[in-house]
Structure formats: structure tokens, C-alpha cells
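The values are calculated or read from the model by the stated rules, or taken from the named source; none is laboratory data. Not measured: the values here are computed from a predicted model. Cβ placement follows ideal geometry from the backbone for every residue including glycine, while neighbour counts extend to all protein chains displayed.
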Amino acid sequence: MVRFDDIVEKVSSYISEKEVAALRKAYVFAGQAHKGQVRRSGEPYLSHPLEVTNFLADMRLDKTTLVAALLHDVLEDTDTTAAALRESFGREAAALVEGVTKISRVQEVSPEVRRAETLRKIILAMTDDIRVIFIKLADRIHNLKTLGFLDEEKQRQVARETLDIYAPIANRLGMGRIRAELEDLSFRYVAPEEFAKIAAIVEPQHQAAEADLAAMKRTLEQLLAANGLPAEVYSRIKRPYSVWSKMKRRDIGFDEVFDFLALRVITASVKDCYSILGIIHQRWPHLPQRFRDFIAMPKPNLYQALHTTVITEGKQTFEIQIRTRDMHDLAENGIAAHWRYKDDAPPSPMVEDRRLHWLREMAALFEEKKNPQEFLSALKSNLVPEEVYVFTPKGKVVNLPSGATALDFAFKIHTEIGLHAAGARVNGSPAALKTVLRTGDIVEILTEPGKAPTRGLLAAAATSGARQALRRALDVKSRATSAALGRKLWEKELRKYSIPAELRREEETARRLEAVLGPKASSPEEFYRLVGLGRIVADARLVEAVFGPVAPRRPGLLDKAAARLALGPDSAVRLKDIDGQMIKLARCCAPVKGEPVVGYLSAGRGLTVHSLRCPLVKREMLDGQRLVEVSWDPALAGTFKARLMVKSQDTPGVLAKVAAAVAGLDGDISRAEATTIAEGRARIRLDLKIRDIRHLEAITGRILGLREVLSVERV
């Protein structure tokens, strides 16, 4: 069991006597709070917070983190209150303890929901103060070391949760040493049979491997000394979990794990790193496909090193990693390396670090993916990203997760570039924004100032960051569109009545609307937005409720002319922004640009456009109060769906002739279905994609011109 004096001895080299006194106070407080409590192992409960604090002291973390580590279980396992902690140790330390406690308090529900909720709490706690996760990771490591005292089901649950949540988070934060320990401690409990198999493969080779590593280490040290390159050389044998994970991930045998034996060279500068690499490659042949330059192109967690695999005279393969001392510190401790205590500048709880950029995306991800399984699936790509490295035209390296598209690249460069992206060039050739990128691609994004994002672009975005940026922009656009539509509908309704000028003043109207509708009219913009969404119906009843009894207006010729001038040449809502969000085409009748249409305001769903030939319109099945005059904007571009039913003679090749007639006019057949009916007749159903009503009429006329065709109807 670690003693408090052991911890004091470690931290005295980097914190003041006053801060050691604060640690001692926390130690006494924790001892009194946990008095009489024991762990499953039989040890006093206080042994656990001491082990956690000792682990963090090895990382040279600040006094506040160490105080919180000593106290991290008092809120959950004792009668201590958060108020008592704040009074005794300050708000910062108390907030850290509360953050760790919230993570632990997850209700026992289904495994997916429990993992999703745990992750959500971790993410929110880390967003407040990243040091919460340092304490939680140290807590998890000690719990894993004493896992043998729990029953088998609990062992598997804790170990599985560690591999699914805590190890990936440690990896994302660049904390390689902690990630490795979490994985190795969990492996034997999660997959005992696989653990035994790997141990059976690795153990017999361990002794010989150590001898081979020692010989290679001496040779490499002599080589570097002879070339005047100062460096420290360390050796390692690949961990059982890492061996098993690589074999499983790549579906390979043990003999294909080329980095089983590895040497790590730590030197003073980046220049020395590349010099050492050159000396090594001169001495031994290397495997080109196994060379990685993570100094020029760091991993998403900012890991940097040169990796190469060489083949010795004895036909053995050794992986050699070359890094500076700073790179080594960051590889081992990740973001925690920035939390080393400094007397002159203590670290801020929200220190800005590139490793934290993904936190904001992950916090928003939970709001987007309410279903726990969807959330965990989407989160996996954020926690364990497989990277691709692409280049800007100026040669800047941009790393993206595997499967990322040109649109993701655009948003990674800058949000505004992503929002105005019109196309891309990949390796000099035109490419769609949905093009999946590969390592080495040179990507250029083409933008248009007037280009606005549409909901269809979401399908071209693979990363949560790009999707979140698109959703935010679409929400803003939706609010503006619905408010503009609502204002037009309200003003159109008001023009039907003779309302005194003093009541029509904007301030007076706004006051009266709020008096009638309450929060729904808290501002004119909010009122217009709800009208545009169909949640408030701008009709005679609302006008009367707001202004009292008003007489219908009978405008004269001058009034009509003034109204036309005020509204422009077309008073109807112009259909120019159909993207499945605020204005959409009805499925029942699939209206086509150019044909007569009418809008229907559905509550909460915006404006749905119906063709006047639609049975719902013809039979007056739609609420007349919600009908809105609409017209097609000539600038609206895109394709529309239409269905034709063709009746013809049942002769060989008739379907081919019909298809040729459609193709001859640049029509696109998405589906064709031919059926034989009575009296030597055939019926052909065509699902088409066309430009507008004139295009459809031309296609209909061309089909009718075929000798075998008897009739064509739109259905």
C-alpha cells in the first residue's frame, strides 16, 4: 500500500510547502470520511485514493488535481457534501470531485444506454475541466488492478467498459502509457481464451526475444555513437493486447506482426531524428510500406515520431521509433504533459489544445444522435480515428478520418469554405463534394459567394464536425425562411381588413400579439417564424382576437394598384428554395415545375406544395384557411419526379421503343415496369426524372407518337 509520505516525497520537488500542507489536509479529511470502510480486497478504503493520487503524482500534476484525487470518492461513498468540500478546499477542487462523481453515477440499464450515458457525462465533465478525466483514468487503472476480487460478470463489465470507453479516450488525448495499461489490464477479463492463446504464442519467444533486442540495442547504440549522434535507446516487446488487436484488425498471423520487437530512440532535436533515420536506413534495408513520418504529419492526438521497420542480417524484423524528448513526453502523457505545475503560470482549466477540438463535436454529437446505438456507432469513429493525409494546393498537410470526403476537407480548412463549397478538384481533376479522399490526394475546394448549403449536402459529409456545421447553417436558414414566409402570410391576411392606422403601427401590433399569444409572440420574428411553420394560423379569427371586430376591406382601383406595386409583380410565395426543409413537394401528387400549384401550411412542417390536379385539392379535403398562393420561380433548377402510365399494343420491342423515345428527349427513367393485360394489350409504368412540365409534355407527346401506343396518362 502506498503511504502518504511517499506521495509527499514525489511532489515536494515541484510544488510548494504550502501546497503540500493542502495535500495533507485533504489526506486527513479523506481518512476521516472513509474511516471504517474497506475494499473487496480487505485493504482500508483509503488505500484506493492514495494509489490514484500516487499515479497522478508520477505525472507531476498540479496540487488541485492531487487534492481532488485524494477526495474523489468522498461524495459517492460517504456522507460528505459538496458544500463541505467547497468550504474546506475551494470551488475548483470541489468541482473536480463532483465531475468524477457524476461520471460514476450511471443507472444500471441496458449496456448500450449505460455506455452512452457514461460517455456523455465524461464528455460534459471534460468540457468543464479536462483534469476530471485524469483522475478518472487513474481511478480506473487501480480498480482494474484489484478486479480479481469481484465476481466474473462484474469483471467482464468493468473490463469491457474500459476497452470501449476509457482506453479510446486516453488514446484520443495522446496518453499512450495509460491507454496501454488500461488495455493490458482489461484484456484477460474481456477475452480470457484469446488472452491465453496469445500468451501461449508470445511467452515461449519472450526469452529469445529479449536476447535479440539486447544485441540489436547494443549494435544501434554503437552505430549512433560512431556517427556522433547522441541518443538514448530503449527496447520493448509488443504487448499481448496490442499483438491480438493487430492480428484481429488486419486478419493476419503472428509471423506478420513485424513490430513485435521494437527499439525506441530518443534524441535532442528534430534534425537529429532525421539524421538518425538516415544512418539506420544506410545500415539496414527497410520495408517501405512500413515507414511512417508522424513528425511531418502528426496523428490526430498530436503523436509525433518516425517509424521504420528494418530487416537485419539474420532476417529478423525490428520496428524502430525515433522521437525527441518532448515528443516522448507527449506520447507517454499526452495532454497531461501540459498540466505540469508552474509557479509563475498555473494551468487554466480550459487550456486550448488541438486534442480538445473534438470534444465540442462529441458534445454536439449526443444531441444529434439520441438513439444510444447510433450515438456509440458515430462516436467510435471520433474516438478511434483511422487517418488519411491529404494536401492543400500549397502543400499544407490536412489529416482526416478514414472515409472523409472533399466536403469534410472543406470544413476542416474553414467553416465558411465548407458552407460555400460548390465543387472540388482532386489531383487536378474535377470531383464531387461527396468524393471520398485517400492519403496523398491534393484537394482544392471551389467556392461561390452566393452558394448556400442544402439539406442534401448532409449526405456528402462523413465527419460529425462538418455535419454539425451544416445543421447549424440549415437551422439558421430555416428560421429566416419560415420568418419571411410568415411575415408575407400575416401581411396578406391583414390587407383584407380595414384596420385603423394607429393599430397597424409595428410596436402596437407586436404588443397586442404578445397579449393574445403570450411567449409565441415574444418578438415579431418569433411570431412570423411560427406562422411560417404553420404553428400559428394567420386567419380572420386571429386578426379579430388581436384588433377586435374589424370590417372586411373592399379596395378600390387605386388600392389594388398600390398593393401590386408594394408586393411586386407576383404576390404569391415564390418556390425557389425546395430542399426538403421549409418548402417541400407533396408526395401524393408530385408536382412538377411549371404546372399550376397551391401551397398548404402544415402545423410544424412548413409549406407543402400540391398540384391543382391533386385529389386532395380537387375534392377540397385540405383546410381552406391553410391554403397559400404559390408560384414557381423561373430560376429554380433541379429534377422532378413524374409517373406515366402507357397503354399500348402487346408487341415485341414496345418497351424498348418507349424507353428510346424518353432517352431521345434527355429524360431519365428510374423505373420501368411492363405488364400484359387482356385483348393483346400492354400496360407500361414509367417513373421519370424530368426538368419541368414542358419537358414532361414533350416526352408524353413523343411517346404518343409511337404507332403501338394507345394512350399516355400521368398518375
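Details
- Yes/no for residue 229 being within 30 Å of residue 337 (Cα to Cα) and not small (Gly, Ala, Ser): yes
- Of all residues in the range 406-427, those satisfying the criterion of being within 15 Å of the chain's Cα centre (by Cα) and not polar (S, T, N, Q) are 407, 408, 409, 411, 412.
- Candidate set: the range 429-451, residues that are out of contact with any helix residue (DSSP H, G or I) (no Cβ under 8 Å at 6 or more places or on another chain) and under 12 Å from residue 391 (Cα atoms); chosen: the one surrounded by the most Cβ atoms within 10 Å (Cβ to Cβ): 441
- Any hit, the range 239-252, residues being surrounded by fewer than 17 Cβ atoms within 10 Å (Cβ to Cβ) and farther than 23 Å from residue 171 by Cβ: no
- Qualifying positions in the range 220-236 - without any contact (Cβ under 8 Å) to a residue 40 or more places away in the chain and surrounded by 17 or more Cβ atoms within 10 Å (Cβ to Cβ): 233, 235
- Residue within the range 329-342 that is modelled with pLDDT of 85 or more, buried (at least 21 other Cβ atoms within 10 Å of the Cβ), outside the structural domain of residue 172 (by TED's automatic domain parsing) and hydrophobic (A, V, I, L, M, F, W, C) present: yes
- Criterion: assigned to a helix (DSSP H, G or I), at pLDDT below 95 and buried (at least 22 other Cβ atoms within 10 Å of the Cβ) - qualifying residue of 70, 75, 50: 75
- In the range 34-53, the residues that are closer than 12 Å to residue 77 by Cα form Cβ pairs under 8 Å with partners that are in a loop (DSSP other than H, G, I, E, B) and of a type in the set (Ser, Thr, Tyr), at six or more places apart or across chains, as follows: 34/45; 34/78; 37/45; 37/78; 38/45; 39/45; 39/146.
- Of all residues making up the range 669-705, the number that are surrounded by 12 or more Cβ atoms within 10 Å (Cβ to Cβ), of a type outside the set (Lys, Arg) and closer than 30 Å to residue 635 by Cβ: 15
- Helices (runs of 4 or more DSSP H) enclosed by the range 390-495 - at least 1 residues per element that are among the aliphatic types (A, V, I, L, M) and closer than 27 Å to residue 520 by Cα: 464-494
- Checked against the criterion of being in a helix (DSSP H, G or I), more than 19 Å from residue 610 (Cβ to Cβ), at pLDDT below 50 and of a type outside the set (Phe, Trp, Tyr), the candidates 545, 563 yield just one match: 563.
- Residue, farthest from residue 233 (Cα to Cα), within the range 315-331, restricted to residues that are touching a residue at least 40 places away in the same chain (Cβ under 8 Å), outside any strand (DSSP E or B) and of a type outside the set (A, V, I, L, M, F, W, C): 316
- Within the range 521-532, tally of residues that are closer than 10 Å to residue 482 by Cβ and either of a type in the set (Gly, Ala, Ser) or surrounded by 23 or more Cβ atoms within 10 Å (Cβ to Cβ) (or both): 4
- Helices (runs of 4 or more DSSP H) lying entirely in the range 601-715 (those with 3 or more residues that are modelled with pLDDT of 90 or more and outside the structural domain of residue 488 (by TED's automatic domain parsing)): 654-663, 693-704
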